[in-house]
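Comments concern the structure below.
The values are calculated or read from the model by the stated rules, or taken from the named source; none is laboratory data. The shown structure was predicted, so the numbers you read here are calculated from the model rather than taken from an experiment. Positions of Cβ are backbone-derived with ideal geometry, glycine not excepted, and every protein chain shown enters the neighbour counts. Calculation scope for accessible area: heavy atoms of the full protein, side chains included, ligands and nucleic acids excluded. Shrake-Rupley method; radii C 1.70, N 1.55, O 1.52, S 1.80 Å.
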Amino acid sequence: PDLVTKSYAAFGQLTYSHTSNLRATGGLRFTREEKSQGGSFGFVIPPEGAGACGAFDSATSFCTFPLNGELNASRLTYKAGLEYDAGPNSLLYANVSTGFKAGGFYGSQAPNTFRPEKLTAYTFGAKNRFFDNKLQFNLEVFYWDYKDQQITHVGPVRPIGFTVITENAGKSRLYGAEADLIWSPSARDMFHANVQYLNTKYTDLHSTQTTLAGPPATVCPTTPVAGQPEVVVNCSGNPVMLSPKWTANLSYSHRFPLANGSELEAQVGTQIQSGYWTGIEYLPGERQKASTVSNASLTYRPDGSRFTISAYIDNIEDSTVKAFAFVQPVLGMPVV
């Protein structure tokens, strides 16, 4: 594909102090996206299927067809919020804001586009420091409402075949809470703990899957598409991909003074996550189980030097963590 994107935007934000402790913030952003697609897409097919090709090489059975399309979108997004100083070192805040992610193309003849992704996010939180700034504690609760959320997977293309495509999932919602604590009991010690709870669901998740190479590979209900070797897959009600319900990041560091003003800093940390899905087919192989990944490092800093020397180890447990998955239609199984 030959893709061209032009993006224009204008942004402004204003903060007004009602009192010395209470502030209101408002912001607007206008975005204009102009996209076009050219180029060509090709694959090998049997000669009897060459009727749909723009060009066909009988010697190699290679079929090519042109790609085209134009896509324009404009969106006005906003932010509105309040901040209140509850004390010298305490801040309360509440925000509602909207987000916009432009649509685009994938390598296919029409229909070959996906719509913009839209988000409305609500947050309420508090930022605090205690004990002469030795302890910092932040807390936030949030609710995110997605519409036309973009998902990328292997799916059918026109006039025939399959490749990696992007579609709109419909609707999804996420809510949760995050707590963040930093404690420095001394000038050389620092503890950091971050814990997040996340509850997610696709309230509307419909996608397409090719049946050109075999039956659909999914645990969700499917509906055949008339006249096409594909099905519509309905996985509504399932959790959002890559969204563990619990995540904890814990770390501790200490700085050891050495001779001549040099310093050695030791750090150890770990991330603990509950299980999550890595693909929208929800096959057993696409499930990542709960995992723990830890790291440690030593950093030497000579006195007055601009340079440091570090030794580190990442993933002490040697855990294998799945990051993404899709179904390969020919094999009919997930690749992670």
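Looking only at residues that are out of contact with any Pro (no Cβ under 7 Å at 6 or more places or on another chain), part of a strand (DSSP E or B) and open to solvent by less than 40 Å² (accessible area, probe 1.4 Å) in the stretch 255-292, which one is nearest to GLY155 (Cα to Cα)?
GLN288
Of these, LEU135, LEU139, which one is surrounded by fewer than 18 Cβ atoms within 10 Å (Cβ to Cβ), without any contact (Cβ under 8 Å) to a residue 60 or more places away in the chain and within 28 Å of the chain's Cα centre (by Cα)?
Working: LEU135 fails: within 28 Å of the chain's Cα centre (by Cα).
Only one candidate qualifies: LEU139.
Do any residues in the stretch 64-92 that are over 30 Å from ALA126 (Cβ atoms) have Cβ atoms under 7 Å from those of residues that are among the basic types (Lys, Arg) and in a strand (DSSP E or B), where the two are at least six apart or on different chains, and which pairs are they?
Note: pairs meeting the criteria are LEU71/LYS35; SER74/ARG32.
Given (1) of a type in the set (A, V, I, L, M); (2) open to solvent by less than 60 Å² (accessible area, probe 1.4 Å); (3) modelled with pLDDT of 90 or more, where does LEU76 come up short, assuming only one miss?
(2)
Specify the residue that is nearest to GLY214 (Cα to Cα); the eligible residues are those in the stretch 314-334 that are open to solvent by less than 90 Å² (accessible area, probe 1.4 Å) and touching a helix residue (DSSP H, G or I) at 6+ places or on another chain (Cβ under 9 Å).
In the first step, residues of the stretch 314-334 are kept if they are open to solvent by less than 90 Å² (accessible area, probe 1.4 Å); the result is 315-317, 319, 321-329, 332, 334.
Pick out the ones that are also touching a helix residue (DSSP H, G or I) at 6+ places or on another chain (Cβ under 9 Å) and you get 322, 325-327, 334.
Numbers: LYS322: 25, ALA325: 19, PHE326: 15, VAL327: 12, PRO334: 14 Å.
Among them, the one singled out is VAL327.
Hey, THR60 hits all of (1) of a type outside the set (Gly, Ala, Ser); (2) touching a residue at least 60 places away in the same chain (Cβ under 8 Å); (3) outside any strand (DSSP E or B) but one; which does it fall short on?
THR60 satisfies all of (1) of a type outside the set (Gly, Ala, Ser); (2) touching a residue at least 60 places away in the same chain (Cβ under 8 Å); (3) outside any strand (DSSP E or B) except (2).
Would you check if THR113 is surrounded by 16 or more Cβ atoms within 10 Å (Cβ to Cβ), among the hydroxyl-bearing types (Ser, Thr, Tyr) and in contact with a strand residue (DSSP E or B) (Cβ under 6 Å, 6 or more places away or on another chain)? Working first, answer last.
Details: surrounded by 16 or more Cβ atoms within 10 Å (Cβ to Cβ): yes; among the hydroxyl-bearing types (Ser, Thr, Tyr): yes; in contact with a strand residue (DSSP E or B) (Cβ under 6 Å, 6 or more places away or on another chain): yes.
Spelling it out, THR113 is indeed surrounded by 16 or more Cβ atoms within 10 Å (Cβ to Cβ), among the hydroxyl-bearing types (Ser, Thr, Tyr) and in contact with a strand residue (DSSP E or B) (Cβ under 6 Å, 6 or more places away or on another chain).
Does the stretch 316-327 contain any residue that is part of a strand (DSSP E or B) and either free of Cβ contacts under 8 Å to residues at least 12 places away in the same chain or of a type outside the set (A, V, I, L, M, F, W, C) (or both)?
No.
Residues checked against (1) more than 30 Å from THR208 (Cβ to Cβ); (2) modelled with pLDDT under 95; (3) β-branched (Val, Ile, Thr):
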site	(1), (2), (3)
TRP246	yes, no, no
ASN249	yes, no, no
LEU258	yes, yes, no
GLY261	yes, yes, no
ILE272	yes, no, yes
GLY279	no, yes, no
THR299	yes, no, yes
ASP303	yes, yes, no
TYR312	yes, no, no
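Name the residue, out of TYR8, TYR93, that is open to solvent by 70 Å² or more (accessible area, probe 1.4 Å), in a strand (DSSP E or B) and hydroxyl-bearing (Ser, Thr, Tyr). Outline the logic, then answer.
On the way: TYR93 fails: open to solvent by 70 Å² or more (accessible area, probe 1.4 Å).
None of the other options fit; the residue is TYR8.
Being within 30 Å of GLU230 (Cβ to Cβ), open to solvent by 40 Å² or more (accessible area, probe 1.4 Å) and at pLDDT 95 or above is the requirement here; does LYS101 meet it?
Details: within 30 Å of GLU230 (Cβ to Cβ): yes; open to solvent by 40 Å² or more (accessible area, probe 1.4 Å): yes; at pLDDT 95 or above: no.
Considered against the rule, which asks whether it is within 30 Å of GLU230 (Cβ to Cβ), open to solvent by 40 Å² or more (accessible area, probe 1.4 Å) and at pLDDT 95 or above, LYS101 comes out as no.
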